[in-house]
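Comments concern the structure below.
The values are calculated or read from the model by the stated rules, or taken from the named source; none is laboratory data. Given the structure is predicted, the values throughout are model-derived calculations rather than measurements. Cβ: placed from backbone, ideal geometry, glycine included. Neighbour counts: every protein chain shown.
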Amino acid sequence: MSKKVEADKRNPKKFQYEFFGPIGAAIIVVLTTTVVFGLYFGCNENGCPAHPQKILSMIQNAKFIDVYSFQLYLCWLGALILAWHFLPGEWVKGVPIDEKGTRLQYKMNGFATISLVLGIASGFIYMKGPECMELIWSRFLPLMTSAYVVSILISFYCYISSFIGQKHLAEGGNSGNLLYDWFIGRLLNPRIGNFDIKVFSELRPGLILWIVFDIAFACRQYVMLNGRITDSMVLVLVFHSWYVLDSFVCESAVLTTMDVTTDGFGYMLCFGDLVWVPFTYGLQARYLSYYPVDLGVGFTTAIIFLQLLGYYIFRGSNSQKNEFRNNPTDPSVKNLKYIQTKRGTRLLIDGWWGKSRHMNYFGDWLMAWAWCLPVGFGSAIPYFYVAYFAVLLLHRYGRDDHKCREKYGDDWKKYCQVVKYRIIPYIY
Ligand code: NDP
């Protein structure tokens, strides 16, 4: 068999575009870039929304990037890579990536890494005072541009290196259209030695930086309010940190997500991990550092209740599926009803997974509300996360449904007849 035929067999081309193909990809690149920079210029100390004239003069006088911030960002990435290398961690196998059952290994030491980062940040704040975090809050824009440049460079590196040697490509990233494949990602597992660029990027540089920014903006509020932070800021900080720490406690769960098992690593994931998450997810903390809100006991209690409910559903449903798939004889799942599919896997139709097809999305979305409500009702812009997340989850639902329909055929139809609601029981 010729090398080309062998490569085509290993990496079949997929002609079904997602995101409306190359034109959609170009629009998303422009749109997402506009949103991250737009949120910075549109919501700040000049107003949220800031007056268009103020936005214009801010853009004209802005220092988008400087050498020091770029170096700072590179040091940040370098330090995280060193932490990945030197901190102890278990090596865990991912899902099989080919018919031979090849499974790549991943080092799981993200929790140790975030603990180290938070330890160092706390030490600095304790010794030098909250003012020392000005280094970070005042460089939000140049750091964002630095992360943006790095994400573009990495996505080009991954695209170009996908043509060198015999690489395993993502099924959806091998269309042959340069723009689309660069956007969606050709390489399924971009690696340098045993360092996996995708799994590293998924959790570390973005998620940890998000919390570091939250802490920096809490410090900013502390300085602006002459030595206090509001209950709303505490809620935002605790909820965000909780979510991120939870991801690191369950770090190996990332290996079975669609991002890791199916999607290539291109601009979309790289930009999402390095820029979108750290520079937009913490918008509520940034807003509160300019416009403090005191919630009071009643409102605080109601928001905590919403967060707990969301988390209960989110963690309960995700863990139930994980347990059912990996340890089906466990007493917590062994009596749950399921459909046995022709492919061999089982689909739960009981417990959380009997209430809707994605109760985990519903729980996650409830938590999104709990993160935004602390900003009060002075501006709609900090609610951006709730709206964006709804779009993301609906789109993700569609992609997953399509994948399962193709994969399970009639069994999926049967499953959808039994579990009628898509995400929110009795509503959607
Ligand atoms: P799921 O964890 O819901 O996984 C979907 C897969 O689970 C399906 O493809 C199918 O895979 C399997 N499955 C579907 N139905 C059943 C069933 N009834 N019984 C058993 N297995 C089933 O999806 P995601 O990976 O999208 O999401 C995981 C979590 O991450 C969610 O809680 C989501 O909210 C969160 N998330 C958060 C994001 C953020 O930015 N904060 C972004 C994206 C996700 P199989 O082929 O194995 O059958």
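Which of the residues belonging to the range 276-312 are within 19 Å of the chain's Cα centre (by Cα) and in a helix (DSSP H, G or I)? Give the steps one after another, and end with the answer.
Step one: of the range 276-312, the residues within 19 Å of the chain's Cα centre (by Cα) are 276-286, 307, 310-311.
Correct list: TRP276, VAL277, PRO278, PHE279, THR280, LEU283, GLN284, ALA285, ARG286, GLN307, GLY310, TYR311.
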*Does the range 103-124 contain at least one residue that is free of Cβ contacts under 8 Å to residues at least 12 places away in the same chain, surrounded by 14 or more Cβ atoms within 10 Å (Cβ to Cβ) and touching a helix residue (DSSP H, G or I) at 6+ places or on another chain (Cβ under 7 Å)?*
yes
*asked:* Show the residue pairs meeting these rules: Cβ distance below 8 Å; 6+ apart or different chains; first residue within the range 387-408 and in contact (Cβ under 8 Å) with a residue 40 or more places away in the chain and within 10 Å of the ligand (Cβ to nearest atom); second residue among the hydrophobic types (A, V, I, L, M, F, W, C) and in a helix (DSSP H, G or I).
replied: ARG396/MET258; ARG399/MET258; ASP400/MET258; LYS403/MET258
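Among the listed residues GLY94, GLY129, identify the single one that is surrounded by 16 or more Cβ atoms within 10 Å (Cβ to Cβ) and of a type outside the set (Lys, Arg). Show your work before the answer.
Working: GLY129 fails: surrounded by 16 or more Cβ atoms within 10 Å (Cβ to Cβ).
When all the criteria are applied, what remains is GLY94.
Given the structure, is ASP231 over 26 Å from LEU116 (Cβ atoms), away from the ligand (no atom under 16 Å from the Cβ) and either touching a His at 6+ places or on another chain (Cβ under 6 Å) or among the charged types (D, E, K, R) (or both)? Walk me through how you get there before you give the answer.
Working: over 26 Å from LEU116 (Cβ atoms): yes; away from the ligand (no atom under 16 Å from the Cβ): yes; either touching a His at 6+ places or on another chain (Cβ under 6 Å) or among the charged types (D, E, K, R) (or both): yes.
Yes: the conditions hold for ASP231.
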*Taking GLY378 and the conditions (1) more than 12 Å from the ligand (Cβ to nearest atom); (2) at pLDDT 95 or above, which numbered condition does it fall short on, given that it satisfies the others?*
(2)
*Which one of the conditions (1) free of Cβ contacts under 8 Å to residues at least 40 places away in the same chain; (2) under 30 Å from LEU288 (Cβ atoms); (3) near the ligand (Cβ under 8 Å from one of its atoms) does ASP364 fail to meet, given that it meets all the rest?*
(1)
*asked:* Let me confirm something: among LEU116, LEU143, which residue is out of contact with any strand residue (DSSP E or B) (no Cβ under 9 Å at 6 or more places or on another chain), of a type in the set (A, V, I, L, M) and within 20 Å of GLU90 (Cα to Cα)?
replied: LEU116
*Go through (1) at pLDDT below 95; (2) crowded, with 16+ Cβ neighbours inside 10 Å; (3) more than 9 Å from the ligand (Cβ to nearest atom) and name the single condition LEU347 misses.*
(3)
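Please find, within the range 237-260, the residue that is nearest to the ligand (Cβ to nearest atom) out of those that are among the β-branched types (Val, Ile, Thr) and either touching a Phe, Trp or Tyr at 6+ places or on another chain (Cβ under 8 Å) or not in a helix (DSSP H, G or I) (or both).
Out of the qualifying residues, it is THR257.
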*For GLY272, which of the numbered conditions (1) within 30 Å of ARG186 (Cα to Cα); (2) surrounded by 21 or more Cβ atoms within 10 Å (Cβ to Cβ); (3) within 11 Å of the ligand (Cβ to nearest atom) fails to hold?*
(2)
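Can you tell me which residue among LEU225, LEU255 is at pLDDT 95 or above and not aromatic (Phe, Trp, Tyr)?
Working: LEU255 fails: at pLDDT 95 or above.
Among LEU225, LEU255, only LEU225 is at pLDDT 95 or above and not aromatic (Phe, Trp, Tyr).
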*Go through the range 261-275 and give me each residue that's out of contact with any Phe, Trp or Tyr (no Cβ under 7 Å at 6 or more places or on another chain) and either within 15 Å of PHE183 (Cα to Cα) or assigned to a loop (DSSP other than H, G, I, E, B) (or both).*
THR262, ASP263, GLY264, PHE265, LEU269, CYS270, PHE271, GLY272, ASP273, LEU274
*Of the numbered conditions (1) crowded, with 23+ Cβ neighbours inside 10 Å; (2) at pLDDT below 95; (3) among the hydroxyl-bearing types (Ser, Thr, Tyr), THR261 satisfies every one except a single condition; which is it?*
(1)
*What residue, among those in the range 309-339 that are within 10 Å of the ligand (Cβ to nearest atom) and at pLDDT below 85, is surrounded by the most Cβ atoms within 10 Å (Cβ to Cβ)?*
ASN322
_Kindly evaluate ALA170 against the criterion of being modelled with pLDDT under 95, surrounded by 19 or more Cβ atoms within 10 Å (Cβ to Cβ) and on the phi < 0 side of the Ramachandran plot._
yes
*Does the range 288-299 contain any residue that is under 27 Å from GLY206 (Cα atoms), within 14 Å of the ligand (Cβ to nearest atom) and not aromatic (Phe, Trp, Tyr)?*
no
*With (1) touching a residue at least 40 places away in the same chain (Cβ under 8 Å); (2) outside any helix (DSSP H, G or I) as the list, and ALA147 as the residue in question, which single condition is left unmet?*
(2)
_Filter result for LYS198 (closer than 30 Å to TYR106 by Cα, basic (Lys, Arg) and surrounded by 22 or more Cβ atoms within 10 Å (Cβ to Cβ))_ = yes
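Kindly indicate whether TYR267 is within 12 Å of the ligand (Cβ to nearest atom) and buried (at least 20 other Cβ atoms within 10 Å of the Cβ). So that I can check it myself, show each step before the final result.
Numbers: within 12 Å of the ligand (Cβ to nearest atom): no; buried (at least 20 other Cβ atoms within 10 Å of the Cβ): yes.
The answer is no for TYR267.
So is GLY123 farther than 25 Å from VAL249 by Cα and part of a helix (DSSP H, G or I) or not? Talk me through it step by step, then tell me what you get.
Working: farther than 25 Å from VAL249 by Cα: no; part of a helix (DSSP H, G or I): yes.
Answer is no for this residue.
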*In the range 401-414, is there at least one residue being under 18 Å from the mean Cα position of the chain (by Cα) and either farther than 22 Å from GLY316 by Cα or at pLDDT below 95 (or both)?*
no
